[in-house]
Amino acid sequence: MLIQQIAVIAVLLSVGAALVLRRVSPTVGITGALLVLFVVGVAESDTAFSGFSSEAPLTVAALYVVAGGVQQTGALASVVRQLAGDRAFGRVIVGSAAISAFVANTPVVAVLIQPVISWAKENRRPASHLLIPLSYATILGGMTTLIGTSTNLIGSSVVTSLGQTELGFFEPARFGLPVAVAGIVLALTLGSRVLPDRGDQSSDEDEAKRFMVACSVTPNGPLDGLTIEEASLRGVPGLFLVATQRSDTHEVIAPVGPSHHLQGGDTLSFAGGVEQVLELHNRPGLQFSERHQLDALDDGQHSWFEAIVGNGSSLVGQTLKQSDFRSRYQAAVVALHRSGRAVPGQLGDERLRIGDSLLVVADSGFAQRWRRRSDFVLIRRRSEPPPTASSKSALSLLILGAVVALSLLQITDVLRAAAIGSILTVVTGVLTPRQARNAVDLNVVVLIGAAIGLGQVVTEVGIADDLANLLATAFEPLGLWGIALGLTLATLLMTELVTNAAAVAITVPIAIAAAEASGGDPRAFALGTIAAASASFMSPIGYQTNTMVYGPGRYHFTDYLRLGIPITTAVLVIVPALMATAG
C-alpha cells in the first residue's frame, strides 16, 4: 500500500506542476494521471473509471443541452440585457448571480460583457471597475444550488460514493449562500475602490485591444522596393509598424525607420485596433501571412470573429501550426491580442496562452460550432448585433423551469430531471439534434469523470485517511475549527493551481475522513469543502469567467488579487466556522 501511495502522490505532484505551468490542459492532465495510475496497476478499472459511470458527467451533459436551448433562443440575452439597462450596477451584480444559480455562468458573462462596457462608458466609469465583480458574482451565484456549477454536481457524486445520500437541490446554499452574500457585498463596496482604472473602453473594445498581425509584401507588387515612408505605412491612425523581417536573411528590424526599403516577401508586423487590422486585408501590395489559410476558406461567406482561448483549451501551449488550426476549426487566424503586449515573430510559430484573443476568419457557423466548447471561452462576431429572443425563447425558459421544479420538489432526481429537460429541448425544436450535440462540452464531461475517478483512487489507497489523520493531529490544539480551516486552505490552493473539478474530487474524501476522525459532521465538512472548491477569486485562470473578462477589462494578472483577497478571506472566515459549528 505504501508503494501505491507514493506512486499516486508522485503522479499528482507531476500533473499539478504541469497544470500550474500550463503545459497541459486540465482535461489532459487529470485524465492522463488517471490513465497512468491504471496502466501501472495502482488502480483497478472499476475504481479508475468509476467517475464515468457516475451520475455527474451525464447530469452535466444533459444540463448543457437545456442551458444551450436557453442561450440559443436568445432568452438569456433578453433577461440579462434588461438587467444591464438599469443605471444601478448593483442590480446587474445581484441579478447575474441569481441567474447563475440555475444557468451556466459562462453564457451569462458572455452576454453581459458588452452591455456592461457600454454602461460604464455612458456613466463615465472605468469598465475595469465592473467586469471582475461581474465574473465573481456569477461564480458566487453558482455556489448556491446543486446545478449552479459542475463543482457541486461532482461533490454530490463523491459524497454519494462514500456512503452519504446525494445533495439536495438547495443544500449547497448552507455554505454557498452566506459566502455569496458576503462576496457580493464586498464586490459592490470594494470593487471601484481597489480595482485599477485601466482606461476607457470603446463600445467595440477596439481602442482597448491592439491586435498583432503579420503581413507580407507582395513580390513585384506596388510596395516592392519602396521605403516605409513612400509606402505610407507610417503615421496611420490606430496602426503601428512594430517590426520587419527579411525573407532571405530572416533578419528582424525593430524599430523600423521611415527610410527602410521593403522587399518582396518581407514580413511586416503591425499592431492596431480591429478596424485598422481589417483594412490591411484590402491594402494593395500587402497580404496576410496566413493567406494560404484564407484562400482555403472558399465558401464565399466569410465572417470575422474574435475568439478568446480558455484555460481548458487544448490550444494552450501549442502553436497554430502544431494545432493544425485551419483544418481543425475550419478557420484562419490573422491577428493576435495578448493583454496589450506586442507579440513578436510569426503568428503560426507563436505558442498560445490562456486569455489570448484571436481574430479569426471563418464561415458563419464558426460561433455556433465552438461557442459551447472549452477551446474558447468567448466567441464574438465582429460585424453583427447581439441576437434577439426567438419564438422558442419562452419555451426554453419553461423547460429550464421544469427541470428546476422537478429537482427542487424531489419529484425525481437531478439526472432524470435534466434528461427530461434535454429530451424536451430537442423534441420541441428548441435545438436540433446537431445543436444539442454541439451544446455539450465534452472536455468538461471527460474532466468530471476523470476527476471523480482520481478522487476514488486517492481514497482507495488510503491517502485520504492518512491526510485526514495528519490534519486532525496537526490542528488538534485548535479543535474542529482548526481542522476545517486547514481543509479550506488546502482546497482553495488546489482550486487556484489545478482545477475546481480535481480539487473537489480529491478533498471531499479527505474532508469526510477528517470529520469522522475528529468528531465533526461529515456532511457539513463535505459541503464546506465543495464551497471552497468553487471559490476561485485569485487569478484569471482559475475559472472560465475570470478569463473571459481579462482582455475586455485590460486587466493585469495581479488585479484579481485586489478584490480576490478580501472575498477569499471571507471564505476563510465563513466556511470553517460553519463546518465547525454544524450540528
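Computed quantities for the displayed model
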read-out: Set ILE399, ILE423, ILE448, ILE452: member being more than 30 Å from SER25 (Cβ to Cβ) and touching a Ser or Thr at 6+ places or on another chain (Cβ under 8 Å); value: ILE399
read-out: Cβ pairs under 7 Å, 6+ apart, first in region 365-392 and assigned to a strand (DSSP E or B), second at pLDDT 55 or above and aromatic (Phe, Trp, Tyr); value: PHE376/TRP370; ILE379/PHE305; ILE379/TRP370; ARG380/PHE305; ARG381/PHE305
read-out: Single match in ILE420, ILE448 (criterion: outside the structural domain of GLY69 (by TED's automatic domain parsing), among the hydrophobic types (A, V, I, L, M, F, W, C) and either assigned to a helix (DSSP H, G or I) or surrounded by fewer than 23 Cβ atoms within 10 Å (Cβ to Cβ) (or both)); value: ILE420
read-out: Members of region 333-366 that are surrounded by fewer than 19 Cβ atoms within 10 Å (Cβ to Cβ) and either in contact with a Pro (Cβ under 7 Å, 6 or more places away or on another chain) or at pLDDT 80 or above (or both); value: ARG351, ARG353
read-out: Selection from region 469-494 of residues that are touching a Gly at 6+ places or on another chain (Cβ under 6 Å) and in a helix (DSSP H, G or I); value: LEU471, LEU480
read-out: Qualifying positions in region 398-417 - farther than 12 Å from LEU63 by Cα, part of a helix (DSSP H, G or I) and in contact with a helix residue (DSSP H, G or I) (Cβ under 6 Å, 6 or more places away or on another chain); value: LEU406, SER407
read-out: Members of region 176-214 found to be modelled with pLDDT under 90, in contact with a helix residue (DSSP H, G or I) (Cβ under 6 Å, 6 or more places away or on another chain) and outside any loop (DSSP other than H, G, I, E, B), listed by number; value: GLY191, SER192, PHE211, VAL213, ALA214
read-out: Top-ranked residue in region 50-87 [being more than 30 Å from ALA451 (Cβ to Cβ) and not in a helix (DSSP H, G or I); ranked as modelled with the lowest pLDDT]; value: ASP86
read-out: Any hit, region 537-551, residues being free of Cβ contacts under 8 Å to residues at least 40 places away in the same chain and not polar (S, T, N, Q); value: no
read-out: Selection status of LEU487, surrounded by 24 or more Cβ atoms within 10 Å (Cβ to Cβ) and of a type in the set (A, V, I, L, M, F, W, C); value: yes
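The values are calculated or read from the model by the stated rules, or taken from the named source; none is laboratory data. What you see is a predicted model, and the numbers here were worked out from it, not measured in a lab. When we count neighbours, we look across all protein chains shown, and the Cβ atoms used for this are built from the backbone with ideal geometry, even at glycine.
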